[in-house]
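**Student:** Shown below is the structure under consideration.
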Amino acid sequence: MPEVTVSDELITEYLESLHKLEGYTSRTIDRHRRVCRRWQDILLEDKGRTLVQALPEDLLSFIERRSADSVKDSTIRQELCVLRTLYDWLHRYQRIDSNPAAALPEMICAPAREKQWLTVDE
């Protein structure tokens, strides 16, 4: 059985918060779980750091690695939005002193534009 790390516990706590406090759907929480686990694995493998030790430049390396893996830009933007949300939560609840994702442009997490449908009269 794999050893549970502090990072695993923080991710679990974060996901529970998304469900209980934010009302996220199970599908959205599953996506957040996958992205957080992928980030945790890449961070440890590439940088030898844990979730709470991440630096802003690690996020840039993540973008480069995902691009090199031929991941679509839209998928990378979604993953960065998840990481921004994760680190905002970790910082807000004082699990980390500084937020490495704070430098990410907010437009990364901008919701999709609402479609403009024609009315019946139009």
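The values are calculated or read from the model by the stated rules, or taken from the named source; none is laboratory data. Keep in mind it's a predicted model, so treat the numbers as computed, not measured. Neighbour counts run over all protein chains shown; Cβ positions are idealised from the backbone, glycine included. What goes into the accessible areas is simple: the full protein's heavy atoms, side chains included, and nothing from ligands, DNA or RNA. Shrake-Rupley method; radii C 1.70, N 1.55, O 1.52, S 1.80 Å.
**Student:** Please give the calculated 222 nm ellipticity per residue for the chain, where each DSSP H segment of at least 4 residues contributes -39500 (n - 2.57) and the sum is spread over every residue; nearest 500 deg cm²/dmol?
**Tutor:** Numbers: 4 runs with 65 residues, N = 122.
Only helices count here, giving -17500 deg cm²/dmol.
**Student:** Could you calculate, for segment 1-72, the ratio of the Cα radius of gyration to the Kirkwood radius, expressed as Rg to Rh? Present the calculation step by step, with values, prior to reporting the outcome.
**Tutor:** Numbers: Rg = 13.3 Å, Rh = 13.3 Å.
Using Cα coordinates only, the ratio equals 1.00.
**Student:** I would also like to ask the following. Once neighbouring chains are kept in place and the probe is 1.4 Å, which whole percent of the accessible area of the chain is contributed by carbon and sulfur?
**Tutor:** Values: 4300 of 8610 Å².
It is 50 percent, rounded to a whole number.
**Student:** Solvent-accessible area per residue for segment 1-103 at a 1.4 Å probe radius, Å²?
**Tutor:** Numbers: 6350 Å² over 103 residues.
Dividing the accessible area of segment 1-103 by its residue count gives 62 Å².
**Student:** Label-point separation (nm) for residue 97 and residue 41, each offset 7 Å from Cα along Cα-to-Cβ?
**Tutor:** Taking the two extended label points, one gets 3.1 nm.
**Student:** Still on this model: Of the listed values (i) 16.2, 63; (ii) 14.0, 43; (iii) 14.7, 49, identify the label whose number matches Rg and Dmax of the Cα atoms in Å calculated from this model.
**Tutor:** (i)
**Student:** Could you compute Rg(Cα) / (2.2 N^0.38 Å) for segment 35-92, with N its residue count? Let's see the in-between values first.
**Tutor:** Values: Rg = 10.8 Å, N = 58, 2.2 N^0.38 = 10.3 Å.
Dividing the Cα Rg of segment 35-92 by 2.2 N^0.38 Å gives 1.05.
**Student:** Of 34, 27, which has the most accessible area with a 1.4 Å probe, and how do the rest follow in descending order? Before the final figure, lay out the partial values.
**Tutor:** Values: 34 135, 27 195 Å².
Result of the area sort, largest leading: 27, 34.
**Student:** Quick one: accessible surface of residue 44, probe radius 1.4 Å, all protein chains present, in square angstrom to the nearest 10.
**Tutor:** Around 110 Å² of this residue is reachable by solvent.
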